[in-house]
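Notes follow the structure.
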Amino acid sequence: MKLIGLILVVLVSSLHGEELDSKDLNIPVDRDGRSIFRYAFPIHVVPTMANSPGRFGAYFKTRVVIYNPTDFQYTIYATLYGKNGEIDTRSIEMDSDFFWVWDNFLEQVFGYRGTGAVEFDAWFDPPGGSSDFDFTVQAEVYTDSPNGRYSTLVVNGEGAEDFRLGTSTVLEDGQIAINPGLSSTSDQRVNVGIFNDDRSRKTFVAFVVNQGEIVQTIEFDVPGKGWSQKAVTAKFETGAIGWGCLQEYCSGYPWVVTVNNKSNDGVLIQPMTYDPPENSASSSSKTHRLLRQQLWQIRDIRSPK
């Protein structure tokens, strides 16, 4: 209830893109005493945003909240990346201890219609940037309907941690990231996407697994700092999607989003990785072994020895 109370304060007390002073707000904490604005950091990445039409009459927008919990005044550079890489950079001036709130971030900040990823940086690129310039980011993609607003939470203050798929050492063991427990049915569609965090072109692969078999393989040949999302066409229940990379080293943000076909309500899910510790009796699962074998086969075909 405290969380809902703060959200209502933010909504009622701010207009689109207006500064909101937080000095008079009693920001709540969770049961462990942590602020709900978690993981303040000078760099954040929101791997997917939208200001574009979708299926079944939906129009998707992205609501973003940025909070400066420090006493510093500084500049954040927001850089938008699309299918072909970098599109534009805009500056956001941050006073000490206040919020920025946008109900349609891509339109209001960039004047952009489409989809992509946004990196927020107060450390490296802005003049006078510093590792002390911490801030949090919350982002949700939503659509309004006659039955109300349906939204997909993308980032809730998680910071700049990304999913690194492999180094030359890890890929020797066939590192795989996986989204388990997914279903693609007549009532629910599934999309998979990736933001390539590297400056060079990379090829990410998503494997759709159903009942122990790979039923669809989706490749993403993504330029440096490029964004891409594709639909899963296979139908399955309680399956999984595994992620791999064809190069020796890939750094990116993969995700799966499941969307209800009637309401357009969605859930964005980031994959997990697992590597058995050295000198451990534990071993990877049958699904992981299947995905590694398929990844190696594709790599051998593309780059024969």
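The values are calculated or read from the model by the stated rules, or taken from the named source; none is laboratory data. From a predicted model like this one, the values you see are computed outputs, not experimental measurements. Counting neighbours? That spans all protein chains shown, and the Cβs are built from the backbone with ideal geometry, glycine included.
Structure values in brief
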item	result
Tabulated pairs, the range 122-139, first farther than 19 Å from Trp102 by Cβ, second in a loop (DSSP other than H, G, I, E, B) and of a type in the set (Ser, Thr, Tyr), C-beta under 6 angstrom, 6+ apart or interchain	Trp123/Ser131; Asp134/Thr70
Any chance Phe105 is buried (at least 20 other Cβ atoms within 10 Å of the Cβ), within 24 Å of Ile194 (Cβ to Cβ) and either touching a Leu at 6+ places or on another chain (Cβ under 6 Å) or not aliphatic (A, V, I, L, M) (or both)	yes
Test set (1) modelled with pLDDT of 95 or more; (2) buried (at least 16 other Cβ atoms within 10 Å of the Cβ) - Gln73 fails condition number	(2)
Evaluation of Ala231 against (1) of a type outside the set (Val, Ile, Thr); (2) closer than 23 Å to Ser145 by Cβ; (3) in contact (Cβ under 8 Å) with a residue 60 or more places away in the chain (one fails), failing number	(3)
Thr217 vs. criteria over 28 Å from Asn261 (Cα atoms) and part of a strand (DSSP E or B)	no
Listing of strands (runs of 3 or more DSSP E) fully contained in the range 233-305 that carry 3 or more residues being modelled with pLDDT under 90 and in contact with a Ser or Thr (Cβ under 8 Å, 6 or more places away or on another chain)	none
Of the criteria (1) farther than 22 Å from Thr48 by Cα; (2) assigned to a strand (DSSP E or B), which one Ser131 fails	(2)
Lys230 among the basic types (Lys, Arg), surrounded by fewer than 17 Cβ atoms within 10 Å (Cβ to Cβ), over 14 Å from the mean Cα position of the chain (by Cα) and modelled with pLDDT under 95	no
Which numbered condition Glu119 fails, given (1) of a type in the set (Asp, Glu); (2) in a loop (DSSP other than H, G, I, E, B); (3) under 16 Å from Thr79 (Cβ atoms)	(2)
Flag for Asn191 being touching a strand residue (DSSP E or B) at 6+ places or on another chain (Cβ under 7 Å), closer than 21 Å to Gly85 by Cα and outside any loop (DSSP other than H, G, I, E, B)	yes
Single residue of Gly128, Gly193, Gly114 found to be surrounded by fewer than 16 Cβ atoms within 10 Å (Cβ to Cβ), within 20 Å of the chain's Cα centre (by Cα) and at pLDDT 95 or above	Gly114
Matching option when the condition is farther than 15 Å from Leu295 by Cβ and free of Cβ contacts under 8 Å to residues at least 40 places away in the same chain, among Ser251, Ser200	Ser200
Residue satisfying condition, being under 27 Å from Asp221 (Cα atoms) and not hydrophobic (A, V, I, L, M, F, W, C), within set Asp71, Asp97, Asp88, Asp103	Asp88
Test: residue in the range 140-148 that is in contact with a Lys or Arg (Cβ under 6 Å, 6 or more places away or on another chain), charged (D, E, K, R) and at pLDDT 75 or above	yes
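Quick grid of which residues meet (1) under 28 Å from Val259 (Cα atoms); (2) part of a strand (DSSP E or B); (3) not β-branched (Val, Ile, Thr):
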site	(1), (2), (3)
Val46	yes, yes, no
Asn51	yes, yes, yes
Asp71	no, no, yes
Phe99	no, yes, yes
Gln138	yes, yes, yes
